[in-house]
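Student: Here it is, the structure in full.
Quick note: the coordinates plus some simple rules give every number you see, no bench work behind them. All values reported here derive from a predicted model rather than from experimental measurement. Note that each Cβ is placed from the backbone with ideal geometry, even for glycine, and that neighbours are counted across all protein chains shown.
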Amino acid sequence: MNDQGINSNLDAIGFFLNTYIRMFFLLAPFFGTSMFVKMSEELERIEKKRAAIRVSIAVTVSIFVFFFFG
C-alpha cells in the first residue's frame, strides 16, 4: 500500500471517530435520561408516556436534520 492510501485510511478513521464522539455527546444518553426522569417526577403515568413519545419524535427529527443538513 502506498503512502497516499495509508493517509486516506487514516483520514477516514479520524473522520469516523470525530463524528462518533460529537454525536455521542450531542445526544448524551445518560444526561438526557436522568433529566427526563427528574423533570417528569410529578407527571402521571399517561403524561410521562406522552412526553416520552414527543421527546423521541423531536430527537429523531433533530438527528435527521443534523444528518442531512449538517
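Student: Between Phe31 and Leu43, what is the label-point separation in nm under the 7 Å Cα-to-beta-carbon projection?
Tutor: With each label placed 7 Å out from Cα toward Cβ, I get 2.0 nm.
Student: Let me ask something else about it. Going 7 Å from the Cα of Val59 along its beta-carbon direction, which residues of the range 9-24 have the amide nitrogen within less than 14 Å of the resulting point?
Tutor: Hits in the range 9-24 for Val59 at 14 Å: 23-24.
Student: Here is a follow-up. If you split all Cα-Cα distances of the chain into 5 Å bins from zero, what percentages do you get per bin, shortest first?
Tutor: Spelled out per bin, shortest first, that is 3, 13, 16, 17, 13, 11, 9, 6, 5, 4, 2, 1, 0.
Student: Considering only Ile21, Phe69, Ser40, whose Cα is most displaced toward the positive end of the charge dipole of the chain, charges sitting on Cβ of Lys, Arg (+1) and Asp, Glu (-1)?
Tutor: It is Ser40, whose Cα lies furthest towards the positive end.
Student: Also, I was wondering about something else. To the nearest 0.05, what FRET efficiency results for Arg50 and Phe24 with a Förster distance of 30 Å applied to their C-beta separation?
Tutor: It comes out at approximately 0.65.
Student: Place a +1 charge on the Cβ of each Lys and Arg in the chain and a -1 charge on the Cβ of each Asp and Glu, then give the dipole magnitude about the Cα centre in debye, rounded to the nearest 20.
Tutor: 360
Student: Follow-up question, since we're still on this one. Across the range 13-28, in residue order, what do the Karplus-derived ³J(HN,Hα) couplings come to in whole Hz, using 6.51 cos²θ - 1.76 cosθ + 1.60 with θ = phi - 60° and x for Gly and Pro?
Tutor: The phi angles translate into 5, x, 4, 4, 4, 4, 5, 4, 5, 4, 5, 4, 6, 5, 7, 5 Hz.
Student: Which ³J(HN,Hα) values in Hz, rounded to whole numbers, follow from the phi angles of the range 56-70 under the Karplus curve 6.51 cos²θ - 1.76 cosθ + 1.60, where θ = phi - 60° and Gly and Pro get x?
Tutor: Each residue's phi maps through the Karplus curve to give 4, 5, 4, 5, 4, 4, 4, 4, 5, 4, 4, 5, 8, 10, x Hz.
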